[in-house]
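Undergrad: One structure is given below, represented as structure tokens, and several questions about it will come after.
Only the coordinates and a few stated rules stand behind these numbers; no lab work does. Predicted, not measured: the structure shown is a model, and the values here were computed from it. Glycine gets a Cβ as well: all are built from the backbone with ideal geometry, and neighbour counts include every protein chain shown.
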Amino acid sequence: MFQIKEVPITKHMIEWATRMSDDMGVLKGSFTKGKGNLYGAMGEIMVSEYLSRPIESTYDYDIVLSDGSKIDVKTKRTKVRPKLNYDCSISNWNTKQKCDYYVFCRVKTDLSVGWMLGYYDKVKYMEDSIFLKKGTVDKSNGYSVRSDCYNLKIDLLSPIEKLLHNEIIRRSND
């Protein structure tokens, strides 16, 4: 059965994410005007530590796997534990990024805990997701979309453990 991976957030992780967020400034297309940077950085840190891969943090991708595959981490902040029927979103601003996979995370607003939800192949994501125009009310949850985006339910993602397993096998073959 699909499992969301819960990650306790440490003081060290918060300090690291704060430094990363301060260095980022306001990114083009940010509908939080930079206030979400801390949570985005925390998502990158969680995935980096889980996969034991360094953060590259470019516009196109955040982490490179040992086989050269590029991952972009997408993180939303939340007040509640995510459920499998919740949506993952890619803003229309980000569809041109040169990455191979999206990894989706959620981070609790109080920075006590985060969740790695899973991953999805970028090309397949664009084929399988549902496009929603800014201002559209998503009928599945009543949310009014803040920018054009592509949504996919969490339960359609591949588990993050599979990505880690593949990474460990690649490293052991090197």
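Undergrad: Taking θ as phi - 60°, what are the ³J(HN,Hα) couplings along region 9-21 by the Karplus curve (6.51, -1.76, 1.60), each to the nearest whole Hz, with x for Gly and Pro?
TA: 9, 9, 4, 4, 5, 5, 4, 5, 5, 5, 4, 4, 5
Undergrad: If you build the Cα gyration tensor of region 40-121 and take the root of 5 times each eigenvalue, what three semi-axes come out, in whole angstrom, biggest first?
TA: 20, 15, 11
Undergrad: In what order do K134, K11 fall by count of nearby beta-carbon atoms within 10 Å, going from fewest to most?
TA: Result, fewest neighbours first: K11, K134.
Undergrad: Calculate the tail of P(r) for the chain: the fraction of all Cα-Cα distances greater than 25 Å, expressed in %.
TA: The proportion of pairs with Cα distances above 25 Å equals 28 percent.
Undergrad: Something else now. Please give the FRET efficiency for I130 paired with H12, using the beta carbon to beta carbon distance and R0 = 35 Å, rounded to the nearest 0.05.
TA: Approximately 0.40, to the nearest 0.05.
Undergrad: Also, I was wondering about something else. Please list, in order, the residues from region 138-156 whose amide nitrogen is less than 19 Å from a point placed 7 Å along the Cα→Cβ vector of M24.
TA: Residues passing the 19 Å test: 146-150.
Undergrad: Indicate, rounded to the nearest 5 percent, the antiparallel portion of the DSSP beta bridges found entirely in region 5-173.
TA: Percentage antiparallel, nearest 5: 75.
Undergrad: Can you list the HN-Hα couplings for region 104-119, worked out from phi with the Karplus curve (6.51, -1.76, 1.60; θ = phi - 60°), rounded to whole Hz and with x for Gly and Pro?
TA: 10, 9, 10, 10, 5, 4, 7, 6, 8, 7, x, 9, 8, 7, x, 9
Undergrad: So what J values fall out for region 152-160 if you push phi through Karplus, 6.51 cos²θ - 1.76 cosθ + 1.60 with θ = phi - 60°, rounded to Hz, Gly and Pro as x?
TA: Listing the rounded values in order: 8, 5, 4, 5, 8, 6, 7, x, 4 Hz.
Undergrad: Additional query: So what is the 222 nm mean residue ellipticity for the chain from helices alone, if each DSSP H run of at least 4 adds -39500 (n - 2.57) and you divide by all residues, rounding to the nearest 500 deg cm²/dmol?
TA: Result for the chain: -9000 deg cm²/dmol, rounded to the nearest 500.
Undergrad: Here is a further query. Over all alpha-carbon pairs in region 88-146, figure out the percentage whose distance exceeds 16 Å.
TA: 56 percent
Undergrad: Between L164 and T95, 0.36 nm times their residue separation minus their Cα-Cα distance comes to what?
TA: 22.4 nm is the gain from fully extending L164 to T95.
Undergrad: Hey, can you grab everything whose amide H is under 5 Å from the amide H of S147? Only 5+ residues off in sequence or another chain; H modelled, so Pro and N-termini drop out.
TA: Amide H neighbours of S147, under 5 Å, 5+ apart: G135.
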